[in-house]
Amino acid sequence: MELRNCPECGSVFTYIRTNLCAACLEKDEVDFKKVRTFIVRNRNVGIPKVSEETGISEERIMRYIREGRISVASSNEKIILNCEVCGKSITSGRLCETCTERLSSGLRKQVLEENKKELEEQHKETVTKDEHTPRMHFWKKS
Ligand SMILES: [Zn+2]
Ligand SMILES: [Zn+2]
């Protein structure tokens, strides 16, 4: 027989299969059903909304999902992933489409700017060479 502290209410109970005491387990089951029902009925809502509507903390909802008690993949693909940049729910990867687009165009812009700078440098050199007159040479004298 193993005694444990219930992580929800702190009371000591006999551990059998679950890590919650009987009272909390019962409550947890009720909450879980509430969450599951809500997720099944509202397929495109994120966790904050589920939490708001059910009155159950986001951590708890995440726990249900992590425990595999709520099959997210079949009922709501959007719930488990959030864009790392804006927090928007996404179906796959780490960023939402908008942020992926923004990021890649940002990168593209950066690359283009670097290329432009390089081209300008080259151009400058060419121009200097082309206008390689004694006068310019004089100015540039160190
Ligand atoms: Zn308890
Ligand atoms: Zn985003």
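Only one of Glu67, Glu101, Glu77 is more than 16 Å from ligand 1 (Cβ to nearest atom), charged (D, E, K, R) and modelled with pLDDT of 75 or more; which? Before you say what the answer is, go through the steps one by one.
On the way: Glu67 fails: modelled with pLDDT of 75 or more; Glu77 fails: modelled with pLDDT of 75 or more.
Criteria check complete, one pass: Glu101.
Taking segment 33-53 only, how many residues are within 21 Å of Ser89 (Cβ to Cβ), of a type outside the set (Ser, Thr, Tyr) and either touching a residue at least 60 places away in the same chain (Cβ under 8 Å) or outside any loop (DSSP other than H, G, I, E, B) (or both)? Spell out how you get there, then give the answer.
Kept after step one, since they are within 21 Å of Ser89 (Cβ to Cβ), are these residues of segment 33-53: 34-53.
Then keep just the ones that are of a type outside the set (Ser, Thr, Tyr); that gives 34-36, 38-50, 52-53.
This time we only want the ones that are either touching a residue at least 60 places away in the same chain (Cβ under 8 Å) or outside any loop (DSSP other than H, G, I, E, B) (or both), so: 34-36, 38-41, 47-50, 52-53.
Residues that pass the stated criteria total 13.
Filter segment 2-28 down to residues that are among the charged types (D, E, K, R) and not in a helix (DSSP H, G or I) and give me whichever is surrounded by the fewest Cβ atoms within 10 Å (Cβ to Cβ).
Ranking the qualifying residues of segment 2-28, first place goes to Arg17.
The values are calculated or read from the model by the stated rules, or taken from the named source; none is laboratory data. Bear in mind the structure is a predicted one, so any value in this text is a computation, not a measurement. Every residue, glycine among them, receives a Cβ derived from its backbone with ideal geometry; neighbour counts consider all protein chains shown.
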